[in-house]
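Heads up: the structure comes next, in structure tokens.
The values are calculated or read from the model by the stated rules, or taken from the named source; none is laboratory data. All values derive from a computational prediction rather than experimental measurement. Here the Cβ is made from the backbone with ideal geometry for all residues, glycine too, and neighbour counts use every protein chain on show.
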Amino acid sequence: MQKKLIALAVTSLASGVVAAQTNVTVYGIADVGYVYSQGKAGYNPKGIKLSGTNKFSGLAGGGVTAGNRLGFKGEEALGNGLKAVFTLEYGLNLDTNEGVGTGGLNARQQFVGLASNYGTVALGRQYAPGFNATANNDALEATDMSIQSDLSVYAGNAITPNSPARYNNAISYTSNNLAGFTASAIYGFGESDIGGYNNASTYDNSQYGLGLNYANGPINFDAVWQSRISAALPNCSGDDDFPSCTATAGPFKVPGTSKSINEWYVGGSYDLQVVKLYASYQALDNNNNVATADVTPGYIALSNIKSNNIWTVGLSAPIGPGTLGLSYGKLSMDRRNAPDGDSWGWGTMYTYPLSKRTALYAAYTYFDNDRNSVAVQTQVAGDGTGIGALGESNYTLGTGIRHSF
């Protein structure tokens with residue numbers, strides 16, 4: 001009996017030590033807002049101007065100012081400064097029956113790794129450097145009402161605070177902060193079966209990113225390089241200079257047609273206390289010379305991503321207990337065999353905190369697209385479809401409540 005009591009005490013003590021060494025945090029964001037969007041109908045594929053307007057009125061349950069999520073993150077001390085770390089984070093849609101356990105999980109990020117005095121190495125689905133860089137230098141906080149966020153995602157850029165900046169099958173390294181500097185690198189294995197040419201390749205369709213951040217006092221600066229390596233396109237045939245492509249089937253590599261899509265970004269902010277200033281510039285170079293094909297709204301095929309550049313400026317300032325943000329940006333498309341196009345937009349957002357975790361917000365965005373650009377609109381306008389049109393303008397009003405835990 002005495003031996004059993006001693007064994008039970010030792011087991012309890014060991015469990016207590018493990019519990020003390022392990023730290024798990026449950027966190028999330030619940031954001032729902034009302035959105036009204038309107039824009040002229042634009043033109044049909046034959047270039048004939050359509051009458052009427054496109055409209056959306058409803059709730060944005062995926063989040064207006066922040067993507068809704070439920071996450072778990074933790075670490076375990078392994079000794080000698082080494083820690084095991086993990087993050088499991090999933091997207092939610094609060095206005096419909098979409099969430100954890102319904103219709104499958106929508107993984108924002110999920111990885112496991114090791115952290116030490118030399119930095120952190122992690123494996124899984126993770127943020128590329130462009131995700132955090134664009135969020136750091138945006139007066140509208142990289143929300144779905146953000147000018148940079150909307151311009152970059154509709155142009156097909158991977159340096160964006162949206163899903164294209166999350167890499168699957170990825171291994172990453174993030175350094176510890178050294179005098180304000182933090183470096184990061186990520187490589188996402190392609191793991192593609194692109195049949196018919198170099199079958200079952202793990203190099204084609206892979207991607208990598210490099211990032212450098214400097215944050216010290218009032219200054220923040222980010223520089224990013226990202227590349228989609230030998231991007232496999234929809235079924236292509238023809239010679240190297242003038243292949244023809246359709247979007248009717250899966251990726252199929254033809255020698256000479258699947259090349260890299262390269263991007264770079266610089267952005268910064270400076271806090272003057274009374275007002276905070278923001279600016280960014282980014283460029284994309286798609287080395288694939290392919291024909292244009294129709295795509296489903298909200299999804300951009302690699303063959304439709306045109307070389308482009310985007311610049312933004314903005315400011316934010318405390319107004320009463322809340323914060324007011326203003327932003328302006330422009331997207332310029334560089335088409336090889338067609339006229340170049342532009343889209344520009346501006347937006348504003350006011351956030352009013354009710355507590356440290358709960359805030360009310362109101363936001364407005366306006367976009368104008370010429371006929372040779374892309375149909376940029378606010379992403380929460382009807383879940384990203386139906387409002388924006390080429391050769392026309394559109395606007396969105398949004399207001400709601402956000403709670404973080």
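Among the numbered conditions (1) at pLDDT below 95; (2) under 24 Å from Val112 (Cα atoms); (3) not aromatic (Phe, Trp, Tyr), tell me where Leu178 comes up short.
(1)
So how many residues does segment 40-61 have that are over 17 Å from Tyr395 (Cα atoms) and either aromatic (Phe, Trp, Tyr) or under 27 Å from the mean Cα position of the chain (by Cα) (or both)? Show your work before the answer.
First pass over segment 40-61, keeping only residues over 17 Å from Tyr395 (Cα atoms): 43-51, 61.
So of that shortlist, the ones also either aromatic (Phe, Trp, Tyr) or under 27 Å from the mean Cα position of the chain (by Cα) (or both) come out as 43, 61.
Final tally of qualifying residues: 2.
State all residues of segment 179-192 that are surrounded by fewer than 15 Cβ atoms within 10 Å (Cβ to Cβ) and closer than 17 Å to Asn132 by Cβ; if no residue qualifies, say none. Explain how you work it out, then say what you get.
First, the residues of segment 179-192 that are surrounded by fewer than 15 Cβ atoms within 10 Å (Cβ to Cβ): 179-181, 191.
Answer for segment 179-192, where residues must be surrounded by fewer than 15 Cβ atoms within 10 Å (Cβ to Cβ) and closer than 17 Å to Asn132 by Cβ: Gly180, Phe181.
Is it the case, given these coordinates, that Ser332 is in a strand (DSSP E or B), within 21 Å of the chain's Cα centre (by Cα), more than 23 Å from Leu397 (Cβ to Cβ) and at pLDDT 95 or above?
On the way: in a strand (DSSP E or B): yes; within 21 Å of the chain's Cα centre (by Cα): yes; more than 23 Å from Leu397 (Cβ to Cβ): yes; at pLDDT 95 or above: yes.
Taking the combined requirement at face value, the residue satisfies it.
Scanning for something modelled with pLDDT under 95 and among the small types (Gly, Ala, Ser), does segment 80-98 turn up at least one residue?
yes
What pairs can you find where one residue is in segment 54-74 and surrounded by 23 or more Cβ atoms within 10 Å (Cβ to Cβ), the other is aromatic (Phe, Trp, Tyr), and their Cβ atoms are less than 7 Å apart, with a gap of 6+ or different chains?
Going by the 7 Å Cβ cut-off, the qualifying pairs are Thr65/Tyr361.
Collect the residues in segment 181-207 that are among the hydroxyl-bearing types (Ser, Thr, Tyr) and modelled with pLDDT of 95 or more, keeping them in residue-number order. Working first, answer last.
Narrowing segment 181-207 to residues among the hydroxyl-bearing types (Ser, Thr, Tyr): 182, 184, 187, 192, 197, 201-203, 206.
Thr182, Ser184, Tyr187, listed by residue number.
Filter segment 108-132 for residues that are within 13 Å of Arg166 (Cα to Cα), of a type outside the set (Ser, Thr, Tyr) and in contact (Cβ under 8 Å) with a residue 24 or more places away in the chain and give the result. Let's see the steps before the verdict.
Let us first name the residues in segment 108-132 that are within 13 Å of Arg166 (Cα to Cα), namely 108-111, 123-132.
Restricting the remaining residues to those that are of a type outside the set (Ser, Thr, Tyr) gives 108-111, 123-126, 128-132.
Listed by number, the residues that qualify are Arg108, Gln109, Phe111, Leu123, Gly124, Arg125, Gln126, Ala128, Pro129, Gly130, Phe131, Asn132.
Is one or more of the residues making up segment 367-378 out of contact with any Gly (no Cβ under 8 Å at 6 or more places or on another chain) and farther than 23 Å from Ala135 by Cα?
The first filter runs over segment 367-378 and keeps only residues out of contact with any Gly (no Cβ under 8 Å at 6 or more places or on another chain), leaving none.
Within segment 367-378, not a single residue is out of contact with any Gly (no Cβ under 8 Å at 6 or more places or on another chain) and farther than 23 Å from Ala135 by Cα.
When you check Asp144 against the structure, is it modelled with pLDDT under 95, part of a loop (DSSP other than H, G, I, E, B) and either in contact with a Lys or Arg (Cβ under 9 Å, 6 or more places away or on another chain) or under 14 Å from Gln379 (Cβ atoms) (or both), yes or no? Even if it seems obvious, please write down each step before you answer.
Numbers: modelled with pLDDT under 95: yes; part of a loop (DSSP other than H, G, I, E, B): yes; either in contact with a Lys or Arg (Cβ under 9 Å, 6 or more places away or on another chain) or under 14 Å from Gln379 (Cβ atoms) (or both): yes.
Spelling it out, Asp144 is indeed modelled with pLDDT under 95, part of a loop (DSSP other than H, G, I, E, B) and either in contact with a Lys or Arg (Cβ under 9 Å, 6 or more places away or on another chain) or under 14 Å from Gln379 (Cβ atoms) (or both).
Looking at the structure I just gave you, is Thr351 modelled with pLDDT of 90 or more, assigned to a strand (DSSP E or B) and either in contact with a strand residue (DSSP E or B) (Cβ under 9 Å, 6 or more places away or on another chain) or not basic (Lys, Arg) (or both)? Working first, answer last.
On the way: modelled with pLDDT of 90 or more: yes; assigned to a strand (DSSP E or B): yes; either in contact with a strand residue (DSSP E or B) (Cβ under 9 Å, 6 or more places away or on another chain) or not basic (Lys, Arg) (or both): yes.
Yes; evaluated as a whole, the condition is true for this residue.
Condition test on Leu324, is it in contact (Cβ under 8 Å) with a residue 12 or more places away in the chain, assigned to a strand (DSSP E or B) and surrounded by fewer than 23 Cβ atoms within 10 Å (Cβ to Cβ)?
Working: in contact (Cβ under 8 Å) with a residue 12 or more places away in the chain: yes; assigned to a strand (DSSP E or B): yes; surrounded by fewer than 23 Cβ atoms within 10 Å (Cβ to Cβ): yes.
When the stated conditions are applied, Leu324 passes them.
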